[in-house]
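The values are calculated or read from the model by the stated rules, or taken from the named source; none is laboratory data. The shown structure was predicted, so the numbers you read here are calculated from the model rather than taken from an experiment. In this analysis, Cβ positions are derived from the backbone assuming ideal geometry, glycine residues included, and neighbour counts consider all displayed protein chains. When the accessible area is computed, the model is the full protein with side chains, heavy atoms only, and any ligands, DNA or RNA have been set aside. Shrake-Rupley method; radii C 1.70, N 1.55, O 1.52, S 1.80 Å.
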Amino acid sequence: MKIIITENEEKFDREGAVLFTRQALKKPDTTFALATGDTTRNIFALAAVMHNELKVDYSLCKTCNLDEYAGVAADDKRSCRYRINEVLLDKINIKKENTYVPDGLCSPPEKELEIFKKKIESFGGIDYLIMGIGSNGHIGFNEPGTPLDSSFRVAELSLETRKDKIKVFGSFDQTPKFGITMGIRDIMASREILLAAKGKSKAEVIRRIVHGDLSIDVPASAVRLHPSLTILADKEAASLL
Ligand code: GLP
């Protein structure tokens, strides 16, 4: 495990964007797995700037998102699809048909799981996965209590996660109750993982990943077993290490 601690948020975003861009340069046909959220937003925004300035080529890359909110349409500003397009995919020269986000409106949502799985297989598996983390240790929408060998699933969001997502949905009542997500096993199958965390609310969970026991109470603790893991944390998220 490699841990990169940055002095402030600006350096955190820049470091994340450099790691992302470096991967695209190293392997021009990289399949990325992407997570939306406040943590990754500026990383992707800066990677898009680097694409423009340095002419980094994404024409052979593929992307899939880790998750999507069930019941939320792709053209809804609050969906993961809308947000990843807005911040990254619309700004780089990737082919839209080579990008995939589960369809939040699929009914029943379980129907989407096989499509999700097949899509990642057709992309040749995931080379580089970049994700944030919930303040309760969730990754994707794999909440505490999720078995570490879980695969693609429709998952119930915890109350804590729904409260955290008021910032996206405006009120608790409007927050979705379910998400379509890669399982922990699918995340672990990625060839490389970048786990990004910033801010005080992530400090305890980062401490538990690095120093705590492997436990289904902290789904993210599984990533400690990954042979190619980088944790990128700002000073606040790393403050309990
Ligand atoms: C959601 C997503 C996760 C993401 C997390 C972090 O729960 N399902 O994939 O990592 O949010 O969000 P933020 O970066 O806004 O803290």
Self-check item: Sequence-distant lysines (8 or more away, or on other chains) whose Cα lies within less than 25 Å of residue 163
Solution: 77, 177, 198, 200, 202, 235
Quiz item: With charges only on Cβ, +1 for K and R and -1 for D and E, what is the dipole size of the chain about its Cα centre, in debye, rounded to 20?
Solution: 320
Quiz item: If you take the beta carbon distance between residue 114 and residue 29 as r and set R0 to 25 Å, what does 1/(1 + (r/R0)^6) give as a FRET efficiency, to the nearest 0.05?
Solution: 0.50
Quiz item: Rounded to the nearest 500 deg cm²/dmol, what is the calculated helix-only ellipticity per residue at 222 nm for the chain, with -39500 (n - 2.57) per DSSP H run of length n ≥ 4?
Solution: -9000 deg cm²/dmol
Self-check item: Cβ-Cβ FRET estimate between residue 172 and residue 210, R0 fixed at 30 Å, reported to 0.05
Solution: 0.45
Quiz item: List the GluC sites (Glu not before Pro) in region 1-97 that DSSP assigns to loop (not H, G, I, E or B) and whose Cβ has at most 11 other Cβ atoms within 10 Å. Which are they?
Solution: 7
Quiz item: For region 1-76, with only Lys/Arg (+1) and Asp/Glu (-1) charged at the beta-carbon, what is the dipole magnitude about the Cα centre, in debye rounded to 20?
Solution: 500
Practice problem: Please work out the average accessible area per residue across region 2-234, using the 1.4 Å probe convention, and give it in Å². | Solution: 43
Self-check item: Gap separating the Cα centres of region 154-205 and region 29-46, nearest whole Å
Solution: 14
Practice problem: Looking at the chain, send over the antiparallel percent of its DSSP beta bridges, to the nearest 5. | Solution: 25
Quiz item: Simple spin-label model, 7 Å along Cα-to-Cβ: residue 59 to residue 11 in nm?
Solution: 3.8
Quiz prompt | Net length gained if the chain between residue 121 and residue 77 were fully extended (0.36 nm per residue, minus Cα distance) | solution = 13.0 nm
Self-check item: Local electrostatic count, residue 192, Cβ distance below 14 Å [Lys/Arg +1, Asp/Glu -1]
Solution: +4
Quiz item: How far apart, in nm, are the 7 Å Cα→Cβ label points at residue 189 and residue 158?
Solution: 2.5
Exercise. Compute the signed sum of charges (Lys and Arg +1, Asp and Glu -1) over the other residues within less than 11 Å, Cβ to Cβ, of residue 121.
Key: +1
Quiz item: Nearest 20 debye, what's the magnitude of the dipole of region 130-195 about its Cα centre given +1 on Lys and Arg Cβ and -1 on Asp and Glu Cβ?
Solution: 120
Quiz item: What does the convex hull of the alpha-carbon atoms of region 86-241 project to on average, in nm²?
Solution: 9.8
Quiz item: In the chain, what percent of the accessible surface is made up of carbon and sulfur (1.4 Å probe, ligands and nucleic acids excluded)?
Solution: 51
